[in-house]
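A.B. asks: Below you'll find the structure I mean.
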Amino acid sequence: MRRLVLLLILAISGLTADSARAQQLSAGVRGGLNVATSSVQGDLVTGDVGTRTGYHFGIIGKVDIAKNWALQTEVYYSQKGFGAGDGDVSLSVNYIDIPIYLVFQVPGTLSPHLYAGVYLGLESGCSLSSTTESNVKCEEATSFPSTKGADSGLSFGGGLGIDLGPGQLLLDVIFDYGLTNLAAITDPVDSVKTRTFYLSVGYLFSIGQSGG
(Lines give C-alpha, C1' and ligand atoms only; values in the text may rest on other atoms or scores of the structure.)
Protein backbone atom coordinates (compact mmCIF):
# COMPACT_ATOMS: atom_id res chain seq x y z
CA MET A 1 0.00 0.00 0.00
CA ARG A 2 2.85 2.40 0.79
CA ARG A 3 4.35 1.74 -2.65
CA LEU A 4 1.03 2.60 -4.31
CA VAL A 5 0.84 5.90 -2.45
CA LEU A 6 4.45 6.69 -3.38
CA LEU A 7 3.78 5.98 -7.07
CA LEU A 8 0.77 8.27 -6.99
CA ILE A 9 2.80 11.07 -5.40
CA LEU A 10 5.56 10.65 -8.00
CA ALA A 11 3.03 10.79 -10.84
CA ILE A 12 1.51 13.99 -9.43
CA SER A 13 4.97 15.53 -8.97
CA GLY A 14 5.83 14.79 -12.59
CA LEU A 15 2.65 16.42 -13.85
CA THR A 16 3.07 19.55 -11.76
CA ALA A 17 6.80 20.08 -12.30
CA ASP A 18 6.37 21.98 -15.57
CA SER A 19 3.06 23.64 -14.81
CA ALA A 20 3.43 27.40 -14.30
CA ARG A 21 -0.21 28.37 -14.64
CA ALA A 22 -2.52 29.19 -11.76
CA GLN A 23 -4.12 26.17 -10.13
CA GLN A 24 -7.92 26.13 -10.01
CA LEU A 25 -9.41 25.12 -6.66
CA SER A 26 -12.84 23.50 -6.36
CA ALA A 27 -14.95 22.05 -3.56
CA GLY A 28 -18.24 20.22 -3.38
CA VAL A 29 -20.35 17.38 -2.06
CA ARG A 30 -21.31 13.91 -3.24
CA GLY A 31 -23.66 11.10 -2.27
CA GLY A 32 -25.39 8.06 -3.67
CA LEU A 33 -25.87 4.31 -3.70
CA ASN A 34 -23.39 1.60 -2.65
CA VAL A 35 -23.49 -1.98 -3.90
CA ALA A 36 -21.02 -3.78 -1.65
CA THR A 37 -19.70 -7.31 -1.40
CA SER A 38 -16.46 -8.92 -0.21
CA SER A 39 -13.94 -11.57 -1.11
CA VAL A 40 -14.25 -13.99 1.83
CA GLN A 41 -12.10 -17.06 2.51
CA GLY A 42 -12.52 -19.52 5.34
CA ASP A 43 -14.67 -22.39 6.58
CA LEU A 44 -17.37 -20.20 8.14
CA VAL A 45 -18.64 -18.99 4.75
CA THR A 46 -19.59 -22.15 2.86
CA GLY A 47 -21.36 -20.47 -0.10
CA ASP A 48 -20.99 -17.39 -2.25
CA VAL A 49 -21.61 -14.22 -0.25
CA GLY A 50 -24.22 -11.74 -1.44
CA THR A 51 -24.34 -7.98 -1.75
CA ARG A 52 -25.20 -5.28 0.76
CA THR A 53 -26.99 -2.21 -0.58
CA GLY A 54 -26.12 0.98 1.28
CA TYR A 55 -25.22 4.60 0.71
CA HIS A 56 -22.43 7.16 0.93
CA PHE A 57 -22.22 10.92 1.39
CA GLY A 58 -19.43 13.42 1.97
CA ILE A 59 -17.31 16.30 0.71
CA ILE A 60 -14.87 16.83 -2.18
CA GLY A 61 -11.74 18.96 -2.61
CA LYS A 62 -10.05 19.32 -6.00
CA VAL A 63 -7.11 21.22 -7.50
CA ASP A 64 -6.27 21.38 -11.22
CA ILE A 65 -2.54 20.68 -11.40
CA ALA A 66 -1.86 20.60 -15.16
CA LYS A 67 -3.67 20.63 -18.48
CA ASN A 68 -6.35 17.89 -18.33
CA TRP A 69 -5.11 16.71 -14.91
CA ALA A 70 -6.30 17.29 -11.35
CA LEU A 71 -5.71 15.98 -7.84
CA GLN A 72 -8.86 15.21 -5.86
CA THR A 73 -9.40 14.09 -2.29
CA GLU A 74 -12.64 13.32 -0.49
CA VAL A 75 -13.99 12.46 2.94
CA TYR A 76 -17.24 10.51 3.08
CA TYR A 77 -19.27 8.05 5.09
CA SER A 78 -19.62 4.70 3.29
CA GLN A 79 -21.50 1.46 4.00
CA LYS A 80 -19.67 -1.74 3.01
CA GLY A 81 -19.66 -5.46 3.83
CA PHE A 82 -21.62 -8.31 2.27
CA GLY A 83 -24.99 -10.05 2.34
CA ALA A 84 -25.66 -13.67 3.23
CA GLY A 85 -26.03 -14.82 -0.39
CA ASP A 86 -25.71 -18.62 -0.54
CA GLY A 87 -24.07 -18.69 2.87
CA ASP A 88 -25.15 -18.09 6.46
CA VAL A 89 -23.27 -14.91 7.40
CA SER A 90 -23.80 -11.24 6.49
CA LEU A 91 -21.53 -8.36 7.50
CA SER A 92 -22.41 -4.66 7.72
CA VAL A 93 -19.31 -2.51 8.23
CA ASN A 94 -19.25 1.28 7.83
CA TYR A 95 -16.30 3.58 7.23
CA ILE A 96 -15.15 7.14 6.98
CA ASP A 97 -13.34 6.80 3.65
CA ILE A 98 -10.55 9.14 2.51
CA PRO A 99 -9.60 8.55 -1.14
CA ILE A 100 -6.91 10.41 -3.11
CA TYR A 101 -7.45 10.45 -6.88
CA LEU A 102 -5.44 11.46 -9.89
CA VAL A 103 -8.09 12.76 -12.30
CA PHE A 104 -7.90 12.94 -16.09
CA GLN A 105 -10.54 15.33 -17.42
CA VAL A 106 -11.66 16.83 -20.73
CA PRO A 107 -12.85 20.42 -20.12
CA GLY A 108 -16.14 21.56 -21.61
CA THR A 109 -19.84 22.02 -20.92
CA LEU A 110 -19.94 18.21 -20.85
CA SER A 111 -16.70 17.09 -19.21
CA PRO A 112 -15.87 13.35 -19.13
CA HIS A 113 -13.32 12.34 -16.50
CA LEU A 114 -11.48 9.29 -15.14
CA TYR A 115 -10.36 8.58 -11.56
CA ALA A 116 -7.45 6.43 -10.31
CA GLY A 117 -6.06 6.37 -6.80
CA VAL A 118 -5.95 4.84 -3.35
CA TYR A 119 -8.16 5.08 -0.28
CA LEU A 120 -8.04 4.66 3.48
CA GLY A 121 -11.17 3.77 5.45
CA LEU A 122 -11.58 4.24 9.21
CA GLU A 123 -14.25 1.99 10.69
CA SER A 124 -17.24 3.78 12.25
CA GLY A 125 -19.51 0.82 12.96
CA CYS A 126 -19.81 -2.94 12.42
CA SER A 127 -22.50 -5.57 12.89
CA LEU A 128 -23.18 -9.08 11.60
CA SER A 129 -25.80 -11.78 11.41
CA SER A 130 -25.38 -15.56 11.22
CA THR A 131 -27.30 -18.73 11.97
CA THR A 132 -26.55 -18.27 15.68
CA GLU A 133 -26.54 -14.46 16.05
CA SER A 134 -28.66 -11.67 14.60
CA ASN A 135 -27.51 -8.07 14.09
CA VAL A 136 -24.90 -8.09 16.83
CA LYS A 137 -21.92 -5.75 17.11
CA CYS A 138 -18.81 -7.31 15.63
CA GLU A 139 -16.81 -6.98 18.83
CA GLU A 140 -19.53 -8.92 20.69
CA ALA A 141 -19.95 -11.69 18.10
CA THR A 142 -18.82 -15.23 18.86
CA SER A 143 -19.25 -16.63 15.33
CA PHE A 144 -16.99 -14.16 13.51
CA PRO A 145 -13.57 -12.62 14.25
CA SER A 146 -13.37 -8.98 15.23
CA THR A 147 -12.54 -6.48 12.49
CA LYS A 148 -9.27 -4.54 12.46
CA GLY A 149 -10.80 -1.06 12.38
CA ALA A 150 -9.46 0.08 9.01
CA ASP A 151 -9.70 -0.66 5.30
CA SER A 152 -7.48 0.37 2.38
CA GLY A 153 -7.08 -0.37 -1.29
CA LEU A 154 -7.35 0.86 -4.86
CA SER A 155 -10.09 3.13 -6.15
CA PHE A 156 -10.90 3.91 -9.76
CA GLY A 157 -13.82 4.94 -11.96
CA GLY A 158 -15.15 7.64 -14.20
CA GLY A 159 -18.06 9.85 -15.01
CA LEU A 160 -19.37 12.99 -16.57
CA GLY A 161 -19.33 16.60 -15.38
CA ILE A 162 -22.17 18.83 -16.57
CA ASP A 163 -22.02 22.62 -16.24
CA LEU A 164 -25.04 23.59 -14.17
CA GLY A 165 -25.57 26.96 -12.51
CA PRO A 166 -22.45 28.29 -10.77
CA GLY A 167 -20.79 24.86 -10.68
CA GLN A 168 -20.66 21.40 -12.17
CA LEU A 169 -22.93 18.41 -11.64
CA LEU A 170 -21.02 15.10 -11.31
CA LEU A 171 -22.42 11.74 -12.40
CA ASP A 172 -19.91 9.05 -11.40
CA VAL A 173 -19.38 5.30 -11.14
CA ILE A 174 -16.50 4.34 -8.81
CA PHE A 175 -15.13 0.97 -7.68
CA ASP A 176 -13.14 0.29 -4.51
CA TYR A 177 -10.94 -2.82 -4.53
CA GLY A 178 -9.96 -3.57 -0.94
CA LEU A 179 -6.46 -4.86 -0.23
CA THR A 180 -6.68 -5.02 3.56
CA ASN A 181 -7.81 -8.19 5.33
CA LEU A 182 -10.49 -6.86 7.67
CA ALA A 183 -10.67 -9.90 9.92
CA ALA A 184 -8.27 -11.17 12.50
CA ILE A 185 -7.13 -14.58 11.21
CA THR A 186 -8.97 -17.42 12.95
CA ASP A 187 -9.94 -20.99 12.09
CA PRO A 188 -13.39 -20.13 10.63
CA VAL A 189 -12.39 -16.99 8.69
CA ASP A 190 -9.05 -16.45 6.95
CA SER A 191 -9.68 -13.30 4.93
CA VAL A 192 -12.31 -10.62 4.26
CA LYS A 193 -11.55 -7.95 1.62
CA THR A 194 -14.11 -5.38 0.51
CA ARG A 195 -15.37 -4.84 -3.05
CA THR A 196 -17.65 -1.82 -3.43
CA PHE A 197 -19.39 -0.10 -6.36
CA TYR A 198 -20.53 3.51 -5.98
CA LEU A 199 -23.26 5.12 -8.09
CA SER A 200 -22.66 8.72 -7.10
CA VAL A 201 -24.04 12.18 -7.76
CA GLY A 202 -22.07 15.27 -6.75
CA TYR A 203 -21.83 19.00 -7.21
CA LEU A 204 -18.52 20.85 -7.55
CA PHE A 205 -17.99 24.62 -7.54
CA SER A 206 -14.96 26.85 -7.96
CA ILE A 207 -13.51 28.52 -4.86
CA GLY A 208 -10.58 30.37 -6.46
CA GLN A 209 -7.01 29.91 -7.64
CA SER A 210 -3.62 29.30 -6.04
CA GLY A 211 -0.10 29.62 -7.37
CA GLY A 212 0.70 31.27 -10.64
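The values are calculated or read from the model by the stated rules, or taken from the named source; none is laboratory data. Every value quoted in this text rests on a predicted model; they were computed, and no experiment measured them. Here the Cβ positions follow ideal geometry from the backbone for every residue, glycine too, while neighbour counts run over all protein chains shown. Quick note on the areas: whole protein, heavy atoms, side chains included, nothing else; ligands and nucleic acids left out. Shrake-Rupley method; radii C 1.70, N 1.55, O 1.52, S 1.80 Å.
A.B. asks: Skipping prolines and chain starts, which residues have an amide H placed within reach, meaning under 5 Å, of the one on Gly42, given they are 5 or more residues away or on another chain?
C.D. replies: The list, which skips near neighbours in sequence, is Asp190.
A.B. asks: In nanometres, what is the gap between the two model label sites at Asp88 and Asp48, each 7 Å from Cα along Cα-to-Cβ?
C.D. replies: Roughly 2.1 nm, to one decimal.
A.B. asks: Can you tell me which lysines have their Cα less than 21 Å from the Cα of Lys148? Leave out same-chain residues fewer than eight positions away.
C.D. replies: Result set, ordered by chain and number: Lys80, Lys137, Lys193.
A.B. asks: I'd like the distance between the alpha-carbon centres of segment 167-203 and segment 90-165, rounded to an integer number of Å.
C.D. replies: Each part reduced to its Cα centre gives a spacing of 4 Å.
A.B. asks: If you don't mind, another one. Express the accessible area of segment 92-212 per residue in Å², computed with a 1.4 Å probe while the remaining protein chains stay in the model.
C.D. replies: Value for segment 92-212: 46 Å² per residue.
A.B. asks: Step by step: find N for segment 99-192, compute 2.2 N^0.38 Å, then divide the Cα radius of gyration by it. What's the final number?
C.D. replies: 1.53
A.B. asks: Val106 versus Val201, label points 7 Å from Cα toward the beta carbon: distance in nm?
C.D. replies: About 2.5 nm separates the two model spin labels.
A.B. asks: Here's a follow-up. Which far-off residues, 5 or more places away or on another chain, put their amide H under 5 Å from the one on Gly121, with H placed in the peptide plane?
C.D. replies: Ile98, Asp151, Ser152
A.B. asks: Going Cα to Cα from Lys67, which aspartates and glutamates come in below 13 Å? Please leave out same-chain ones fewer than 8 positions away.
C.D. replies: Here the aspartates and glutamates satisfying the reach criterion relative to Lys67 are Asp18.
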